[in-house]
Amino acid sequence: EDRMLIDKFIPMTTFDNAREITGVLVKAGVDDIQLMLKGWTKNGYGIYPTGWPPDRRLGGNSGLNKFTEFIENNNLNMYLHTNFTEGDLRSGGFSAKKDVVFHGNNLPVTDSRKTSFLINPVTALQKLKAFFTHSNLSKGGLAFENIGRYVYQDYNRSNPLTRALTAKSWQGVLEATTKKNLPVAVDGGNLYVLKYADRLYGIPMTSSNYFITDEDVPFYQMVVHGAIPYSTEPG
């Protein structure tokens with residue numbers, strides 16, 4: 001909760017709560033569950049890039065470990081929601097002068113308050129590797145926000161990137177995760193992520209709405225159906 005001086009962390013679902021909710025579904029006979037935990041990190045939901053450890057007010061590292069053990073014991077799938085493509089000054093852990101995406105006029109890509117930034121894709125990969133170093137994560141999976149949706153050119157002087165190189169950097173993020181034998185869920189589902197994704201979420205429901213088209217055809221769904229589990233935006 002944003003407040004004037006000190007923001008307030010509000011626990012919505014602790015790791016024990018998540019285990020209890022999932023347990024109720026399992027007892028009811030639901031045996032094919034894929035779930036994603038959002039806002040589980042120290043700074044809460046919406047404060048990126050994602051860091052470690054899990055917030056102690058949700059149960060901390062021990063609470064997360066108990067939950068992931070429960071998931072494994074019941075042959076379920078769980079993904080920790082991450083976002084390495086955006087940076088909020090409240091989270092720290094990145095430089096607003098070196099680690100962010102720049103326009104061609106050498107100004108950073110940011111919001112109107114100049115507190116939220118797009119992270120340079122090379123830096124995003126470095127942040128992921130640092131995340132693995134600090135977390136020693138070996139159970140569950142990771143869900144990557146925006147990586148299957150955002151492809152942009154970056155005029156950052158330290159790490160300039162074309163759109164093609166940005167896509168290649170996102171593939172590097174996903175490949176580094178699969179090498180840790182962790183399942184991968186990806187937001188958006190652009191073509192370059194399909195090789196690595198165990199699950200897709202937030203995939204498009206409509207066409208690009210160009211005037212030359214008459215009807216929306218679920219072509220994307222027809223391509224991935226039966227190959228990769230997917231879902232669109234929640235209704």
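The values are calculated or read from the model by the stated rules, or taken from the named source; none is laboratory data. Being a predicted model, the structure only gives us computed values, none of them experimental. So basically every Cβ, Gly included, is an ideal-geometry build from the backbone, and we count neighbours across all protein chains shown. These area figures cover heavy atoms from the full protein model, side chains too; ligands, DNA and RNA do not enter into them. Shrake-Rupley method; radii C 1.70, N 1.55, O 1.52, S 1.80 Å.
For this structure, a couple of remarks:
- Identity of the residue in the range 149-163, among the aromatic types (Phe, Trp, Tyr) and more than 16 Å from the chain's Cα centre (by Cα), that ends up most open to solvent (accessible area, probe 1.4 Å): Tyr155
- Pair list, Cβ under 6 Å, 6 or more apart: the range 11-37 residue part of a loop (DSSP other than H, G, I, E, B), other residue open to solvent by less than 70 Å² (accessible area, probe 1.4 Å): Pro11/Leu58; Thr14/Leu58; Thr14/Gly59; Ile33/Leu76
- Among the residues of the range 164-216, those that are open to solvent by less than 20 Å² (accessible area, probe 1.4 Å), not aliphatic (A, V, I, L, M) and not in a helix (DSSP H, G or I) comprise Asp187, Gly188, Gly189, Gly202.
- Reported count of residues in the range 2-60, each being under 18 Å from the mean Cα position of the chain (by Cα) and either surrounded by fewer than 18 Cβ atoms within 10 Å (Cβ to Cβ) or at pLDDT 90 or above (or both), is 18.
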